[in-house]
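The values are calculated or read from the model by the stated rules, or taken from the named source; none is laboratory data. Only a predicted model underlies this, so the values are computations on that prediction, with no experimental measurement involved. Positions of Cβ are generated from backbone atoms using ideal geometry, with glycine treated the same way; all protein chains shown enter the neighbour counts. Each accessible area value is taken on the protein alone, full model and side chains, heavy atoms only, with ligands, DNA and RNA left out. Shrake-Rupley method; radii C 1.70, N 1.55, O 1.52, S 1.80 Å.
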Amino acid sequence: MKKFLSLVMAMAMILSLAACGGSKAPAAEAPAAETPAEAPASDAVYTGVEDGVLTVGMECAYAPYNWTQMDDSGDAVPISNVPGSYANGYDVMIAKKICEANGWKLEIVSSAWDSLCPAVQSKTMDANIAGQSMTADRMAEVDMAGPYYYATIVCVTTKDSKYASATSIADLAGGKCTSQSGTIWYDSCLPQIENTELLAPAETAPAMIMQLQTGTVDYICTDMPTAMAAVAKDDNLVILNFSGTDGDFQFASEEERAENVNIGISVLKGNTYLKDAIDSVLSQMTEDDFNALMDQAIAIQPEV
């Protein structure tokens, strides 16, 4: 009888355990455990070089800062959106130094001058290295690393021009002139010359120089590197440099003058990572280093 009762109790326990197991929800239907969600990409810190590539915008038509050539001579870099073409010049040399120091690959994209800042703002470009002055208006749109060059503002005329002996901007009164669109030279400098006939701005630096060479204008306003590059290729041109004299172009303050002659590198507003990475390279270079590199660019620039 005891054995029989023990057997009955054992059977009852087995049935009880089976019943408990049957009431358990299938594992697939159990609520999933919560895990920390990844931050949306839009909330991540944007640097532009997450892929290890620094995408740089420039005109590729602004010697000696940058230009287009049809081979890779002089360590030129392919232009990614113009197959078979290569970019070279001072801006390319600076871009290569920045990339080498940070372990990035360099991509050059050709862009119209007026499209440069919008391209950085839209993240199409990581940076612009394109001979851009560090003006207050520009720095309201983008952040700028640098300066990576200090560019004196000058005028250029022809040797046989009546303005060739000018010693101040007052001596340029009454002449026809122009400069490149979207620059301080056109917007602020040339209007300071009395009774001048200011023609429509040129779209590019080569177009501006061509207007001078063809006699469309009497003189142009630009920066020293652009002027030096033009004179190096055309010995009929002469540079008019009034800097450091009372006859120079005037600015409200020395700070305003500095922002117009200091050339910087545009990055997206708030992109402190990229700005600091670029500045860390530029801070190791002196003004003499910049000038030596610019002289090298002028020496190898192609014929206009």
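The angle between the Cα long axis of helix 272-282 and the main principal axis of the chain comes to about 50°, on a 0 to 90 degree scale. Label sites at Asp51 and Thr152, each approximated as a point 7 angstrom past Cα along Cα to Cβ, lie 4.3 nm apart. What the Cα atoms of the range 227-304 give is an Rg and a Dmax of 16.5, 46 Å.
When peptides 69-79, 209-219 are ranked by their average number of other Cβ atoms within 10 Å per residue, the highest-first order is 209-219, 69-79.
Per the helix-only calculation at 222 nm, which mean residue ellipticity applies to the chain, given -39500 (n - 2.57) for every DSSP H run of n ≥ 4 and division by its residues, nearest 500 deg cm²/dmol?
The helix-only estimate for the chain comes to -9500 deg cm²/dmol at 222 nm.
Modelled this way, with points 7 Å down the Cα-to-C-beta line, the labels at Asp235 and Ser115 are 3.9 nm from one another.
When log10 I(q)/I(0) by the Debye sum over Cα atoms at q = 0.08 Å⁻¹ is computed from the coordinates, the matching label among (1) -0.34; (2) -0.48; (3) -0.43 is (3). Under 5 Å between amide hydrogens, built in the peptide plane, is the criterion, and for Tyr149 it picks out Ile263 among residues at least 5 positions away or on other chains.
Could you state the accessible area per residue of the chain in Å², with a 1.4 Å probe and every protein chain left in place?
Computed with neighbouring chains in place, this is 51 Å² per residue.
Evaluated over the chain, the count of Lys pairs having alpha-carbon atoms less than 25 Å apart is 18 (only pairs 8 or more residues apart or interchain). Amide H to amide H distances under 5 Å link Ile79 with Ser85, Tyr86, Ala87, where only residues 5 or more positions off or on other chains count and H is placed in the peptide plane. At full extension, Ser243 and Asn102 could sit 47.1 nm farther apart than now, given 0.36 nm per residue minus the alpha carbon distance. Note on Glu254 and Asp137: their simple-model spin labels are 2.5 nm apart, each label 7 Å out from Cα toward Cβ.
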